[in-house]
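In what follows, a structure is listed as structure tokens, so that the remarks can point back to it.
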């Protein structure tokens, strides 16, 4: 099963996230971000980089994680096709991401993401795992 | 949002539409991840740009004094403090000056289809069939990063000031607090960056016109009519229940619309009112209006910045299905360049309210007065 699903939001774009574990959910959040900006199948796993994010609580950590990915793309053109969360607690995330640098001649353009927002942000534990929702500012 | 006027006619643009679209899209990078490696700024220069806005562009020969006189706040919001802008924001902004970005941002060459107010149009140098250029873009990644950085800070501030938030995106701090003042200083930097971004696009648009129309020297015939912000908070004095009151007016998705006689309206327009630019979607048209006294009293001198969406982006993509939006526009004499398939679908006419109706409301309600209608000929999208 895909770990995320889009939902309608006028002007912006919402994503519902799922995961058996919290780590899964954060990895799916990364995959959703990639899917919004580009065709993920066009991104090759050529380089791996380490990503570290901190925040005062878990919900904010999710937004900061996505903000980190937005920054890596907008400032350095980095696109990722594979995410791995190595460790995660309520205030800190350490993970790796594999991908390559944006190449306009090879990559399929989709949408530019301005930022991840806190609007209607949710992150909850359910019997079957974790569920969350984030709205991206496009 | 910025409007330029040319000395050319709509027909002269139609005659070279393909060539002009080609040269414009080469000179002005647009789309996802658009950047200008050839115009990358070092941190020191970037900080000067954030502080001085179009003053920097003038010093470098990219803007005339006339240009600066026809920009909101002369192209420089005071109180900008580059020290309040993060390294990350600077890094995102350093190669993005002179780029459009994607989504609803665009550069549009069009012509004056109809004039509603001869006197105001004459003050702006607009007449029927004259070719115009509209530029819609802002502070790009630099502004978005300032927003992200500020959200984190405001989240803490809201907690420390005991502000209850119905939604975390509404995190905030009192305007006069340290956090509030720091934010306004960073926001002014983003606005100044946006002015310079549009100025650089203007510079390269002038170059494109010179090239395509074989003009000599620095002559491009493109003059700046007006440049106005559409997402900014400003400290202004307005009448509230009969008393002059200092307010922080936040115009989000809205634009300033000051009336005739206001001292912040450029001298050239002081007798008619500030030009208000309301773009429609790429398949319809855009409007030039002027601010009014009644609008100033009722809306603190503000008007809508666009028509507004009726379909979400995903809905629009579904509705567009297998249609060729680009071909549909072409048959109506509108040439679109540089747009991705997704952007074309998201930005098609059906995804937006009809700007004619929206502008009619502004006009009938007395918030603004219609001056001219601009129809598109060549559109560069992201």
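The values are calculated or read from the model by the stated rules, or taken from the named source; none is laboratory data. This structure is a prediction, so every number in the text was calculated from the model and none was measured. Neighbour counts are summed over all protein chains in view; Cβ atoms, including those assigned to glycine, are modelled from backbone coordinates with ideal geometry.
Among A:137, A:39, which is closer than 24 Å to residue A:9 by Cα and more than 10 Å from every other protein chain (Cβ to nearest Cβ)?
Values: A:137 fails: more than 10 Å from every other protein chain (Cβ to nearest Cβ).
Result of the check over A:137, A:39: A:39.
Across the stretch A:89-99, what is the number of residues that are touching a residue at least 24 places away in the same chain (Cβ under 8 Å), more than 14 Å from every other protein chain (Cβ to nearest Cβ) and surrounded by fewer than 18 Cβ atoms within 10 Å (Cβ to Cβ)? Number of matching residues: 5.
Do we find that residue B:61 is in a loop (DSSP other than H, G, I, E, B) and either without any contact (Cβ under 8 Å) to a residue 24 or more places away in the chain or touching a strand residue (DSSP E or B) at 6+ places or on another chain (Cβ under 6 Å) (or both) in this structure? Considered against the rule, which asks whether it is in a loop (DSSP other than H, G, I, E, B) and either without any contact (Cβ under 8 Å) to a residue 24 or more places away in the chain or touching a strand residue (DSSP E or B) at 6+ places or on another chain (Cβ under 6 Å) (or both), residue B:61 comes out as yes.
Within the option set A:33, A:102, being modelled with pLDDT of 95 or more and crowded, with 18+ Cβ neighbours inside 10 Å holds for one residue only, A:33. The stretch B:290-382 holds helices (runs of 4 or more DSSP H) entirely within its bounds, and those carrying 2 or more residues that are away from chain A (no Cβ under 14 Å) and either over 21 Å from the mean Cα position of the chain (by Cα) or surrounded by 21 or more Cβ atoms within 10 Å (Cβ to Cβ) (or both) map to B:293-299, B:325-331, B:355-364.
Kindly indicate whether any position in the stretch A:112-128 is under 12 Å from the mean Cα position of the chain (by Cα) and more than 14 Å from chain B (Cβ to nearest Cβ). Give the derivation first.
Our first condition is that a residue be under 12 Å from the mean Cα position of the chain (by Cα); within the stretch A:112-128, this holds for A:113, A:115-116.
Retained after the next criterion (residues that are more than 14 Å from chain B (Cβ to nearest Cβ)): none.
No, because not a single residue in the stretch A:112-128 is under 12 Å from the mean Cα position of the chain (by Cα) and more than 14 Å from chain B (Cβ to nearest Cβ).
The residue that is farthest from the chain's Cα centre (by Cα), counting only those in the stretch B:88-102 that are buried (at least 24 other Cβ atoms within 10 Å of the Cβ) and either without any contact (Cβ under 8 Å) to a residue 12 or more places away in the chain or at the interface with chain A (Cβ under 8 Å from one of its Cβ atoms) (or both), is B:92. For the stretch B:118-140, the criterion of being in contact (Cβ under 8 Å) with a residue 60 or more places away in the chain, surrounded by 20 or more Cβ atoms within 10 Å (Cβ to Cβ), within 14 Å of chain A (Cβ to nearest Cβ) and in a loop (DSSP other than H, G, I, E, B) is met by at least one residue. Elements of the type strands (runs of 3 or more DSSP E) sitting completely within the stretch A:4-107 and holding at least 2 residues that are under 13 Å from the mean Cα position of the chain (by Cα) and closer than 29 Å to residue B:308 by Cβ: these cover A:4-8, A:13-19.
Whether any residue in the stretch B:183-192 is farther than 28 Å from residue B:66 by Cα and modelled with pLDDT of 95 or more is what I want to check. Yes: the stretch B:183-192 contains one or more residues that are farther than 28 Å from residue B:66 by Cα and modelled with pLDDT of 95 or more.
Is it the case, given these coordinates, that residue B:105 is surrounded by fewer than 24 Cβ atoms within 10 Å (Cβ to Cβ), within 14 Å of chain A (Cβ to nearest Cβ), touching a residue at least 12 places away in the same chain (Cβ under 8 Å) and in contact with a strand residue (DSSP E or B) (Cβ under 8 Å, 6 or more places away or on another chain)? Judged against the criteria, residue B:105 is a match.
Which residue, of A:44, A:72, A:86, is surrounded by fewer than 18 Cβ atoms within 10 Å (Cβ to Cβ) and within 14 Å of another protein chain (Cβ to nearest Cβ)? I'd like the intermediate steps shown before the answer.
Values: A:44 fails: within 14 Å of another protein chain (Cβ to nearest Cβ); A:86 fails: within 14 Å of another protein chain (Cβ to nearest Cβ).
Sole residue among the options that is surrounded by fewer than 18 Cβ atoms within 10 Å (Cβ to Cβ) and within 14 Å of another protein chain (Cβ to nearest Cβ): A:72.
Taken as a whole, the structure leaves residue B:90 outside the set of residues that are closer than 23 Å to residue A:113 by Cβ and part of a strand (DSSP E or B).
Is there a residue in the stretch B:64-83 that is within 22 Å of the chain's Cα centre (by Cα) and within 30 Å of residue B:313 (Cβ to Cβ)? Yes, some residue in the stretch B:64-83 is within 22 Å of the chain's Cα centre (by Cα) and within 30 Å of residue B:313 (Cβ to Cβ).
Got a number for residues in the stretch B:36-63 being within 19 Å of the chain's Cα centre (by Cα) and surrounded by fewer than 22 Cβ atoms within 10 Å (Cβ to Cβ)? Looking only at that region, the number is 3. Here the stretch B:142-178 is the region considered, the condition is being touching a strand residue (DSSP E or B) at 6+ places or on another chain (Cβ under 8 Å) and within 23 Å of residue B:236 (Cβ to Cβ), and the residue that is farthest from the other protein chains (Cβ to nearest Cβ) is B:175.
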